[in-house]
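In what follows, a single structure is set out as C-alpha cells and then discussed.
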Amino acid sequence: MIIDLIVFIPIIAALAIGLGAEGRKTALGAASANLILAAIVISELMRRGGDYLIFETSRVILDDPKLTLGFAVDGMSGVLLLLTAIVTFCAVYISPEKAPDGRMKLYHISPLLISSGALGAFCSTDLFFLFAFHELALIPTFLMIGIYGHGRDKLAVAWKITIYLGVGSLVLLGGLIALYSSLTVPGNATFNIVELTARAKEIDLDPEVQKWIFLPLFLGFGILVSLFPFHSWAAPAYASAPTSISMLHAGVLKKFGLYGILRVAMPMLPKGFEAWEGLILVLLLGNIIYVGLVTISQKYLDRMLGNSSVMHMGYAFLGIACVNHIGWNGAILMMFAHGISIALLFALCGSLRERLNTLELSEIGGLASKVPFLAVSFGFAAFASIGLPGFANFASEIIILFGAFNGAEDIGSLQIAAMLALWGVVISAVYMLRAYRNVFQGDSARGLTLVRRDALSKIPIILMIGVLLLTGFFPNLILRILPSL
Amino acid sequence: MFGANFGAIRRLIRQNGLDNHGSFNWVKIADFELNIGIELQGLGLGMILVVTLIGFLVHLFSLGYMKEDAGKARYFSGLSLFMFSMTGIVFADNLAMMFIFWELVGVSSYLLIGHWYHKNTAAEAAKKAFLVNRIGDFGFMIGILLIWGSFGSVNFVEIEGLLRNGNYDEGLLNWSVFCIFCGAIGKSAQVPLHVWLPDAMEGPTPVSALIHAATMVAAGVFMLTKVLFLIEDAPTAASVIQYVGAITALIAALMATQQNDIKKILAYSTLSQLGYMIMAVGFAGLLSGGEALGEEASNAGFFHLYTHAFFKALLFLGSGAIIYACHHEQNIWKMGGLIGRMKVTSFTFLIATAALAGIYPLSGFYSKDAIMTIAANKPLLLVIGSFVAFLTAFYMTRLCVVVFFGRAKSWSAEEAKEVPFLMLVPLLVLTVGAIFAGQTFAYSWFVPSKDIPHPEGVVLPLILTAIAVAGIVAGFFLYRGRDQEPYPVQVLAKKFYLDEIYNILVILFQDAVAWVAKMIDRLIIDGLLVRGGARLVTEIGAVLRGMQSGNLQGYAFLFGVGVILVLYIINAAIG
Amino acid sequence: MTTAFIILLLPLFAVAANLLFLRKRANFSAYISTLSAAICLVLTLGLSDGLSDKTV
C-alpha cells in the first residue's frame, strides 16, 4: 500500500494542479508527503535488512502473459526511492511560484510526473511497467525544455534529447522483448522480474544468445545514462532545462539506466556481460577521460556541470563492471551520492543564473563576498563532487576502486581500466576548482545584475549538503540496507 | 596539591591511552571492511607531539598576527580542520584511512593558502597547491590499490605480517612502493611536484609555519616511515626515493640562494631539507651486507623531521614577526638593521639559522649528522648532501646579513619595533626546541638512541662543521653592506624556468586535447550521427509538431494508445 | 572513547562550533580553536608519557 501511495501521490497532485489547485503548494505537499513515506520505507529496510522485498503489492492486469501492476522495495530500490524523494522535494521547493510566462500548470506538473515515473520504475516488480513508468517521465522533460528552457536553441536541444532518448528507449525495448521471449515458457509467460530472474538462472541461456540480448539492453540503458559515445544530449539539455528539471533528470532519471542494468541485465545475462566486458571498459573510460577533458574546455558554468554529470557516470559503470558485491554496492552508493550532489550543483547554478547576467566563466568573478551563502554551499558541492573524503561521493568512489582490485594479484583489464579511471579525480579537480576560482574568488565582483531576485531558498541546499555529509561520514547507513548481490 | 592533581590527571590519561588501538568501522560490505583505527607508537609519538605542540604555538601566534583580520573565524576554522586532518594521518592504522586524511589535509591547505581569496595570486596559489597534490594522490591511490590487490589488506600491521610470509611479486611491489611514494612527492613537494610550495607562501605566515614547514609537508616523510617494511623489500623503488630526495635538496638549495622574498627563501629551504629527509628514508631499502638498512635510515630521516620542525617553524614565525613589524614588507632588500630594533625576534631567528646550518651543539647538528652518516653509503649522495649543507649555510647567512645587519633600507624597516609579547612566547618556546631537540633526552622517549645512526668518530662531524662555517663566511663577506643583490643568476632566480615550463605544458596539453575532443564531439558524433538522423526525424517532426500544443491530456491519450499498441505487439509476437 | 580519539575529534568539533554558532563573534572562534589545540597538546603530553614506557 505504501509504495502505491508513494508512486501515485505525485500523479494525483499533478491532476489536482491540472484541475486548478495551487501549483507550488500542492506540489510541495506531495513532495513532503513522499519524503516522509520514503523515510518510513528506509527505516523498515534498516530493520529488516535489504535482501528482502518489502511492502509488496500487485494487481494483476493480464493473466497470460502475466502482467501485474506491482511494486516492491528491496535495498537497491529503497535507496533510489529515497534519492528520488529528496531530489523531488528540493526541486519543487526551489521552483518559483509561476513560470516566466505567468502560467504555472505545466511548470509544477512536470516535476511531479517525472518523480512518479522514476518512483514507479525503481519500485516496479514488472518488466513492462519498469519500462512504461520511465517513458512517462520522459515526456514532461521534453516539454519543459522546449517551452521553458533557457537559450535560443532550446527547441533544437529539446528535439535532440527526444531523438536520443527515444532511440535509446527503442533499442532498450527491443532488448527487453528479446529477453522476454527467450525466457518465455508457453503457458507460463510472465513479466515479473523476480520470476524472470529465477528462470534465467535456471535455464542458463546459451552464451551466444546472452551476448546478443545483452547488447541492446546494455546500450539502451546506457544511452539513457549518457554512456559514451551516446552522451552529447546531456550537457545541452541540462544547460537549457529549467532548474527543477535538470535536478530531477540528472539526479534521478539518469540513474534509471544503471538501475536497469543492475536489476535486469546483469543478473539475467551474466555471460552476456562477460562477452562485452572489454568494450564496456573502453566506453566507461570514454565517459571519464574524454568527456572529462571536454568538461575542462567548457566556457559556461551550466554546460560544465552538465558534462561533469556525464563524466561521473563512468565510475558507476566501473562499479558495475567489477561483478562483485563491493563494486555493485559502491555503484549504488555512487548513484545516490551523485544524484544528490548533481541536483545540489544545478540548484546552486540556477540561483546563480537568477543573479547574474551571464554564466560565462570568464565574465564573472569575485562573488564570494557578494553571495556568501552561495559561495560556501558551492564550495561544499564542488568538493563533494570531486570526491573529497567526508562526502558520500568519495566513499562510493573508493569502494568501487577497491572492488575493481579485489583479489587482483595480477593486473588485468579491469584493473588497468580502474587505474585510468583514476585520472578522473585529477580532471574533475581541474575543472571544478577552476570554475570555483573564476566565479567566487578574485578581486573584482563582475557579472552581477543590479536587481536582486527572490530570497535564496536555503532549506533544500542545506538538506542536500547535510545528506552528503551524513552519508559521507557514515556510509554504513546506506550500505547496510543494500542487498548482498 | 596541584602536583598531586596533575599526577592524577596524568595517570588517568595514561590508563585510557594505553588501550588506544580504538577502531571505528566506516564501510562494511559483507566481509569487506574499511576502518578508522588508531595506531600510535614509536615515531608516531614524536610526530603527534610535533603536530600538537607546534600547532598550539601557531594558534597562539595567530591570535596576535590575525587580530585585525576580517576573516578571523574562517581562518581559525581552517586551522582546526587542519589539526583534525593531520592528526588523522599520524594516527592512521591503515592506508585507506591515511589516504582519507591525506586528502583532508590537502583541502585544509587549500582553504588556508586561499584565505585572502580576493587576492588573485592567493586564489591561484591555493588552486595550484590542491591540483598538484591531487596528482600525487592519484599515484598514491594506485599504490594503495596495488597493495590491496596483492595482499588483500590495507592495514599496516597485517600487510607487514603477510609480507614476511613471502609470497608476492617483487616487481609489483616495487611499482606499488613507487606509486605510494608519488603521494609523498606531492605532499612533501619533491621534484617534480614541488612547484606548489613556494606559491603557498601566499597564505598567512603562521599557516606557512605550521603547514608548510613543520607538519603537512612532513607528512610525506612520516608516511614513508609507516610503510618502512614495504620500502625495505623494494630496492629499486628505494633507489628512486633516494635520488628524488637528493635532487630536490640540491635544486631547492640552489634556487634559495637567489630569492628576495623572505618567505620564499624559507620555502625553498624547507623543500631542500625535506629532500634530505626523503633521501634518508629512501636508504631504508638499500642493501648493505645483505640486509636492508631499514629502521636506521628511516629514523635518521625522521630525526631531521623532528628537529627541523622546531627551527623551521621558528624561522617562519620569526619572519612573520618581521613582516608584521615592517608593515607587511617581505622583500629582504627593503629590510636591514633589524637586530637593533627587534632584539628578541633577531636573537631567536639567528639561533634557528645556526640550528639549520648544523652548528654544534644545536639540534640541527645532530640530525644532519645522522642523515650524512646514512648518506655515506652512497658517496655521490654524500657529496651532494654536503654541497647542500654548504648552500644552506650560505643562503641563510645571506638572509640574516641583509635583514638584520647594515642599515635599514626602507621606511618600514626604520619604523619596525618588536612584536607584542603574545607573539614572542611561541618564538621563545620554539627556541628551546631548536636548541635541545637533538639531545638524547629530547628524542629517546619515542625512539631509543641506539636506533638512530650516529657518526663514527669525529671526522664526519668536523667536515660538516667546516662546510657550514665556510658557507657562513662566504655568505657574510659576499653580502655584508650590500643594498641589492650583487650577483644575480637568472637561471636560479627564475627557478630554472620550471614554473614557466609547467604553465606552457599545462596549457598546451589540457586545452589542446580538450579542444580536439570537443571538435570530435561536434563533428562526428553530433554532426554525422545525430544531425543526419535528426534531419530525417525533423521531416516527421514537422507533422507531429502540429500536435505540440502543450496539451497534457492529448499527450496522456497518445501515451495510453502507445501502451496498448506495445502490449498488442508483444502479445502478437508471443502468441 | 579513548584519549587518542579525543585528540583526533576535538578539532573537528571546534570547526563545527565555529561554523554553526560563532560566525558572528570572530574572537570566540579564535579562542575555541586555540583552546582545542591546548587541550590536544595536554592530552598528547599525558599520552606520550604513558606510551613511551612501552617503546623504550
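The values are calculated or read from the model by the stated rules, or taken from the named source; none is laboratory data. Source: prediction; values computed, not measured. Here Cβ is always computed from backbone atoms with ideal geometry, including for glycine, and neighbour counts include all displayed protein chains. Side chains included, ligands, DNA and RNA excluded: accessible areas come from the protein's heavy atoms. Shrake-Rupley method; radii C 1.70, N 1.55, O 1.52, S 1.80 Å.
The table that follows gives values for the structure above.
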{"read-out": "Tail fraction, Cα-Cα pairs, chain B, threshold 37 Å, whole percent", "value": "39 percent"}
{"read-out": "J(HN,Hα) series, region B:210-215, from Karplus relation 6.51 cos²θ - 1.76 cosθ + 1.60, nearest Hz, glycine and proline x", "value": "6, 8, 9, 9, 9, 10"}
{"read-out": "Distant-in-sequence amide H partners of B:G37 (H built 1.01 Å from N, under 5 Å)", "value": "B:F24, B:D93, B:N94"}
{"read-out": "For B:V401, net neighbour charge (Lys/Arg +1, Asp/Glu -1) across residues whose Cβ lies under 13 Å away", "value": "+3"}
{"read-out": "Chain B - percent of accessible surface contributed by carbon and sulfur, probe 1.4 Å", "value": "66 percent"}
{"read-out": "Between helix A:301-321 and chain A: long-axis angle, C-alpha atoms, 0 to 90°, nearest 10", "value": "20 degrees"}
{"read-out": "Accessible area expressed per residue, region A:11-57, with surrounding protein chains retained (probe 1.4 Å, Å²)", "value": "50 Å²"}
{"read-out": "Cα-projected label distance for B:L380 with B:A30, points at 7 Å along beta-carbon direction, nm", "value": "5.0 nm"}
{"read-out": "Using θ = phi - 60° and Karplus 6.51 cos²θ - 1.76 cosθ + 1.60, couplings along region B:321-331 (whole Hz; Gly, Pro as x)", "value": "4, 4, 4, 4, 5, 8, 6, 6, 7, 10, 7"}
{"read-out": "Karplus 3J(HN,Hα) series, Hz, for region B:234-241 with 6.51 cos²θ - 1.76 cosθ + 1.60 (x for Gly, Pro)", "value": "10, x, 5, 4, 4, 4, 4, 4"}
{"read-out": "Solvent exposure ordering (accessible area, 1.4 Å, most first) of C:I32, B:I262, A:I416", "value": "A:I416, C:I32, B:I262"}
{"read-out": "Accessible area, probe 1.4 Å, largest first, for residues A:H325, A:H249", "value": "A:H325, A:H249"}
{"read-out": "Loop-located trypsin sites (Lys or Arg not before Pro) in region A:234-316 whose Cβ has at most 16 other Cβ within 10 Å (DSSP)", "value": "A:K299"}
{"read-out": "Packing-based ranking, highest mean first, of B:168-177, A:164-173 given that Cβ atoms within 10 Å are counted", "value": "A:164-173, B:168-177"}
{"read-out": "For region B:364-436: rounded, prolate or oblate by the Cα gyration tensor [a/c cutoff 1.5]", "value": "oblate"}
{"read-out": "Computed accessible area, A:M266, all protein chains, 1.4 angstrom probe, square angstrom", "value": "10 Å²"}
{"read-out": "Sparsely packed trypsin sites (Lys or Arg not before Pro) within region A:110-207, loop by DSSP, other Cβ within 10 Å at most 11", "value": "A:R152"}
{"read-out": "Which of B:W26, A:W159 is most accessible, then next, and so on - probe 1.4 Å", "value": "A:W159, B:W26"}
{"read-out": "Within 10 Å of each Cβ in A:161-173, the average number of Cβ atoms from other chains", "value": "2"}
{"read-out": "With Cα atoms, 0 to 90° folded angle of helix B:156-165 axis to chain B main axis", "value": "90 degrees"}
{"read-out": "Average beta carbon contacts from partner chains per residue of B:438-446, 10 Å cutoff", "value": "2"}
{"read-out": "Probe 1.4 Å - accessible area at B:T236, Å² to nearest ten", "value": "90 Å²"}
{"read-out": "Over chain A: helical MRE at 222 nm, DSSP H runs n ≥ 4 each giving -39500 (n - 2.57), nearest 500", "value": "-22500 deg cm²/dmol"}
{"read-out": "Residue-averaged beta-carbon neighbours from other chains (10 angstrom radius) around B:22-35", "value": "6"}
{"read-out": "Amide hydrogen neighbours beyond the local backbone of A:I61, cut-off 5 Å, H modeled", "value": "A:L67, A:T68, A:L69"}
{"read-out": "Cα-based helix-to-principal-axis angle, A:23-48 vs chain A, degrees rounded to 10", "value": "50 degrees"}
{"read-out": "Two-site FRET efficiency, B:E414 against B:D499, from Cβ-Cβ distance with R₀ of 35 Å, rounded to 0.05", "value": "0.55"}
{"read-out": "Whole-percent pair-distance distribution, where bins are 10 Å wide, for the alpha carbons of the protein assembly as shown", "value": "2, 10, 19, 22, 18, 13, 9, 5, 2, 0, 0"}
{"read-out": "Surface accessible to a 1.4 Å probe, B:V419 within the full protein complex, Å²", "value": "10 Å²"}
{"read-out": "Amide H contacts of A:T190 (H built 1.01 Å from N, under 5 Å, at least 5 apart or other chain)", "value": "A:K66, A:V185"}
{"read-out": "Rounded FRET efficiency, nearest 0.05, which uses the C-beta distance separating A:V376 from A:R59 and R0 of 56 Å", "value": "0.70"}
{"read-out": "Candidate lysines for bridging to A:K370, where Cα separation is under 19 Å - those fewer than 8 sequence places away on the same chain excluded", "value": "A:K458, B:K72, B:K119, C:K24"}
